[in-house]
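Shown next, in structure tokens, is the structure this report addresses.
Coordinate-derived values only; no laboratory data. The shown structure was predicted, so the numbers you read here are calculated from the model rather than taken from an experiment. A quick note on method: Cβ atoms are made from the backbone with ideal geometry, for glycine too, and the neighbour counts reach across all protein chains shown.
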Amino acid sequence: MSSGDAAPAAVALPGALDEPTAPVRRGYITAVVLANLGIMLAFYTPIQNLLPRLAEQASPDGKEAALAWITAAGAFASIVFNPLAGALSDRTVSRLGRRKPWVLYGSLAGALGILALSMQSTVVGLAAVWFFCQATINAAYAGLTATIPDQVPIPQRGLVSGWVGLAQTVGVVLGVAIVSFVVLDLDAGLVVTAVLLVLLVLPFVLRLRDIPLDASTRPPFRLAEWLKGFWVSPRLYPDFGWAWITRFLMMLGNAMATLYLLFWLKDKVGLTGKEAEQGQTVLIGLYAIGTILTAVVFGRLSDKSGKRKVYVIAATVVMAFAAVLLAFFPVFSVAMVAALILGLGYGMYLAVDQALVTQVLPRAIDRGRDLGVINIANSAPQVLAPVIAAPIVTGALGYPGLYVLTALITLLSAVLVTRIKSVP
């Protein structure tokens, strides 16, 4: 992908860079699903449960600000290291292939980082270690994500993305359920999270065939060129640009809505202690049920119809409605309905939007980097969301204002996805 003024000239592609045409089998799907399950568990179990508890221990009177600083540090790491690892994996020449070394070593390092969270007693220490966790786990995630355009043909991408989206949701639910109902001790919860991360990525590393890149075709890595890659010319690649901004807006709304969910249950709904944590798990479980019902189904429907945008738009409208319910009805029974509705929309969105994104990548040689740039749209909202949400929650607008704004941002993403022209 070039950020200059002229489109790159067409070149003959080696095998690792060819557009895939052979259908992937169940072994590939299973390995990718399990690896996504482990990585999402490692991302979101801390964010949804363990980090809020650690933040409250480190700063009881300023838990909201403490959590904002910790999660922002991790999100900043993901902004940098996801596209960096993606670019390096594009150029990795090894016996294991291009992507597997990053998945393996990133997961191992991330697991060590999760274990180290238990040794921190200050907000600064937690932020620094979570920065490391996000850097290493994002390196693994960059390699994992790039295998989809590497190996999955376009007519299967909605299906595979649906299974991946389902696995990501189950990863969140499984992790939070374990530390809320089974392993209640905070330190033990960190250990279980780290161990599951490693165990679940092993089938990907051990069984998946990753096509090696011929050393003679490997392009050099230049830092200046990589930094320029953060800017993708909207004139040369407009659809990639619109895909990025719509993903960013969707994830910003999602991050704003979920960041303070545990505190919302305590401060607005009136749940306390373990009751609030278990209530959060119930909501996440209902959200997962909704995702399971729609992710694979709508991924396959979009493959069969060849259309992606209509499903993305429908998904965003559904999710915005769920946010409105949370804004005006701070009652747990209504929250349960909203969580299910949110899951229905998010499952559809995860499957179809990810398939859409893989169809607007500028160049095969930069798949890992370009998906890393797309993943900035997943990560940057984690930095921006606390900046926007914290003053709203603690100010006059409170949680109603937060969730109304979430709905509006989500609907804006639906409007802008219509600007993508190359994908129906």
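Could you tally up the Lys pairs in the chain with alpha carbons closer than 25 Å? Skip any pair fewer than 8 positions apart unless they're on separate chains. The number of close lysine pairs in the chain is 8. Principal-axis analysis of the Cα atoms of the chain puts helix 100-116 at an angle of about 20° to the longest axis.
The helix-based estimate of mean residue ellipticity at 222 nm for the chain, built from -39,500 (n - 2.57) per DSSP H run of four or more residues and divided by its residue count, is -25000 deg cm²/dmol to the nearest 500. Computed from Cα atoms, the angle from the helix 154-177 axis to the main principal axis of the chain rounds to 30 degrees. Under 5 Å between amide hydrogens, built in the peptide plane, is the criterion, and for L361 it picks out nothing among residues at least 5 positions away or on other chains. Of interest is the spacing of the C-alpha centroids, which for the range 146-179 and the range 313-357 amounts to 18 Å. Along the range 179-190 the Karplus relation, 6.51 cos²θ - 1.76 cosθ + 1.60 evaluated at θ = phi - 60°, assigns HN-Hα couplings of 7, 9, 10, 9, 10, 7, 5, 5, 5, 5, x, 5 Hz to successive residues, with x for each Gly and Pro. In the chain, the longest principal axis of the Cα atoms and the axis of helix 238-258 are about 20 degrees apart. Listed values for the range 272-283 are Karplus-derived 3J(HN,Hα) couplings in whole Hz (6.51 cos²θ - 1.76 cosθ + 1.60, θ = phi - 60°), namely 10, x, 4, 4, 5, 5, 6, x, 4, 5, 4, 5, and x replaces Gly and Pro.
What is the sum of charges, Lys and Arg at +1 and Asp and Glu at -1, for the other residues whose Cβ falls under 15 Å from the Cβ of A58? It works out to a net charge of -2. Mean separation of Cα pairs under 8 Å and 6 or more residues apart, divided by the residue count, gives the chain a relative contact order of 27 percent.
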